[in-house]
Amino acid sequence: MTTVYLARHAESDWNVENRFQGSTDRPLTERGREQARALAAELAGIPLAAVYTSPLRRALDTARIVSAAQGLTPVARPELSEIDVGSWAGLSRGDVESRFPEAFRRWVGGGEGWEDGESYASMSARVLDAIRRVAEEHPDGIVLVVSHGGPIRAVHAAAARLDVYAHRRLRPVEPNARLSAVAVENGEITRLD
């Protein structure tokens, strides 16, 4: 069994501004760097075999701070990137609601919103495949994956035996720099905490 710790990236500038980021590459804030250092301290007693991360700067910089504390170098995997929100990228919730009212209502209800980005189903498939590959590379190990709200939600949904749409309706997105864990055994993802 592989234990996979999941951490959402620390706070970015667009998190502060409450903008849809998706696959847009945004930097951490100073508060985000503090959150990443606190995450490193939280993981200090856990012997990580490896750290994997989305290549997007907000996740990669979070992973670098955590990895350095354990003498590791993070491995970037594009499959761990956030969902592509298409034309919603950079817009606030209010902007999206006024420009795309019907799509916004669908999204708030747990369905697809943007029409020109990636679907939740597609994002979930690529992320779950990546998590299973990471587990195969570290059987009986402990690893950290630094990613984003959407991908972490997809992993949590799989562990709960839900599709990502049902999980979106039940739980809010993970807070920045929050740690959770799943177990992966024989390709099966189950929730640890």
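Taken across the range 28-41, residues that are modelled with pLDDT of 95 or more, assigned to a loop (DSSP other than H, G, I, E, B) and crowded, with 19+ Cβ neighbours inside 10 Å do not occur at all.
Looking at this structure, is Glu17 in contact with a helix residue (DSSP H, G or I) (Cβ under 8 Å, 6 or more places away or on another chain), surrounded by fewer than 21 Cβ atoms within 10 Å (Cβ to Cβ) and farther than 20 Å from Ile152 by Cβ?
No, not satisfied.
Evaluate the range 51-74: report whether one residue or more is at positive phi, in a loop (DSSP other than H, G, I, E, B) and surrounded by fewer than 22 Cβ atoms within 10 Å (Cβ to Cβ).
Yes; the residues of the range 51-74 include at least one that is at positive phi, in a loop (DSSP other than H, G, I, E, B) and surrounded by fewer than 22 Cβ atoms within 10 Å (Cβ to Cβ).
Within the range 140-162, the set of residues being surrounded by fewer than 20 Cβ atoms within 10 Å (Cβ to Cβ) and free of Cβ contacts under 8 Å to residues at least 24 places away in the same chain comprises Arg161, Leu162. Scoring Gly111 on the criteria (1) farther than 24 Å from Arg132 by Cβ; (2) buried (at least 22 other Cβ atoms within 10 Å of the Cβ); (3) of a type in the set (Gly, Ala, Ser) leaves a single failure, condition (2).
The residues of the range 61-85 that are without any contact (Cβ under 8 Å) to a residue 60 or more places away in the chain, among the aliphatic types (A, V, I, L, M) and closer than 30 Å to Glu115 by Cβ amount to a single one, Ala76. Here Glu112, Glu118, Glu97, Glu136 are screened, and the one residue that is within 24 Å of Glu188 (Cβ to Cβ) and either of a type in the set (Val, Ile, Thr) or over 14 Å from the mean Cα position of the chain (by Cα) (or both) is Glu136.
Listed by first and then second residue, the pairs linking a residue in the range 89-103 that is surrounded by 14 or more Cβ atoms within 10 Å (Cβ to Cβ) to a residue that is assigned to a helix (DSSP H, G or I), with Cβ atoms under 7 Å apart and 6 or more places separating them unless they lie on different chains, are Val96/Trp88; Val96/Phe104; Glu97/Phe104.
The values are calculated or read from the model by the stated rules, or taken from the named source; none is laboratory data. All values derive from a computational prediction rather than experimental measurement. FYI the Cβ positions are ideal-geometry reconstructions off the backbone, even for glycines, and counts take in every protein chain you see.
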